Amino acid sequence: MESVGFSIASWSGWTVEANRQSRVSGAGSNIRFSDTPDASIVPPMLRRRLNFMGRGCISEMLQHISNDENLPIVFCSRHGDIERTLKVLIDLAKGEPASPMDFSLAVHNAIAGILSIHCNITANISSIATSEGAIVPVLLEAVGLLSESTPKVLCILCDVSLPTMYRTSAEEDEFPFVACFTVTAAGGAPLHLSYEGSAGNAAVNTPLDFLEFLAAGDADSAKAFTTLHNSACWVVRKSSSL
């Protein structure tokens with residue numbers, strides 16, 4: 001396929017303190033480290049619907065949207081709010097009624113829905129579940145939404161550690177994270193996404209790695225972000241113009 005051109009106007013991320021040592025570019029990548037996500041800007045009655053992952057997402061999303069913006073949202077998570085979903089299943093297995101709030105907020109795009117309530121957003125919300133290379137489907141979906149009437153799309157990627165009962169012996173305890181950025185047709189860092197075919201030795205780089213790639217400047221060593229998606233290699237490249 002031919003490359004897809006777009007720009008990233010802003011980006012930020014959050015993860016727990018334990019993940020700090022694995023990050024390479026520090027504050028320049030706009031990644032914050034905290035074991036307690038801050039969603040205090042959200043009114044208490046709405047904030048009570050947000051658990052750990054939800055508060056991490058909302059605190060990042062609100063950095064990229066103003067009160068009068070009605071932006072489409074692309075929300076991506078491998079497992080969604082798995083802790084809330086597991087709680088509903090455990091309650092049902094015990095023969096107890098599921099919490100109506102937990103049940104309604106266990107849907108995959110619930111966190112983005114809460115943001116839409118807080119910011120009065122009526123635009124489209126796309127919800128994506130993916131495993132490897134989550135950046136690729138998010139970018140393709142966001143670019144597909146861009147038009148003259150939709151110049152910017154808000155993207156959010158997030159996950160928490162998978163509960164122990166769902167892990168196989170080969171799965172590691174992944175760190176909770178949130179990566180958020182806005183995709184535009186122009187006006188930010190010009191980028192191109194292209195399909196490169198066979199996976200070869202490509203790594204499954206994470207959404208936080210993508211933020212560090214965006215922050216790394218234009219050095220030759222930082223002009224390409226390579227990742228896997230559907231067992232194939234995809235590359236995001238920096239360029240001087242779209």
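Here are the numbers for this structure:
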| read-out | value |
| --- | --- |
| Value of [θ]222 nm, deg cm²/dmol, for the chain, DSSP H segments ≥ 4, -39500 (n - 2.57) each, nearest 500 | -7000 deg cm²/dmol |
| Accessible area (Å², 1.4 Å probe, nearest 10) - THR164 | 110 Å² |
| Debye, to nearest 20: dipole size of the chain, +1 on Lys, Arg Cβ, -1 on Asp, Glu Cβ | 320 debye |
| Solvent-accessible area per residue for the chain (1.4 angstrom probe, square angstrom) | 48 Å² |
| Modelled FRET efficiency - R0 22 Å, SER194 with SER149, Cβ distances, 0.05 increments | 0.25 |
| Coil-residue trypsin sites (Lys or Arg not before Pro) of the stretch 75-155, DSSP, other Cβ within 10 Å capped at 13 | LYS94 |
| Neighbour count of at most 12 Cβ within 10 Å plus DSSP loop: longest GluC sites (Glu not before Pro)-free window in the chain | 3-147 |
| Cα-based helix-to-principal-axis angle, 135-145 vs the chain, degrees rounded to 10 | 80 degrees |
| Accessible surface of the stretch 1-147, 1.4 Å probe, proportion on carbon and sulfur as whole % | 53 percent |
| Acute angle (nearest 10 degrees) that the helix 110-119 long axis makes with the longest principal axis of the chain, alpha-carbon atoms | 80 degrees |
| Relative counts (whole %) of C-alpha pair distances in the stretch 25-130, using bins that are 5 Å wide | 2, 11, 20, 21, 21, 14, 7, 3, 1, 0 |
| Residues whose placed amide H lies under 5 Å from that of THR130, excluding near-sequence neighbours | SER77, ARG78 |
| In degrees, nearest ten, helix 82-93 long axis to first principal axis of the chain (Cα) | 30 degrees |
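The values are calculated or read from the model by the stated rules, or taken from the named source; none is laboratory data. Keep in mind the model is a prediction, meaning the values are calculated, not measured. Here the Cβ is made from the backbone with ideal geometry for all residues, glycine too, and neighbour counts use every protein chain on show. What goes into the accessible areas is simple: the full protein's heavy atoms, side chains included, and nothing from ligands, DNA or RNA. Shrake-Rupley method; radii C 1.70, N 1.55, O 1.52, S 1.80 Å.
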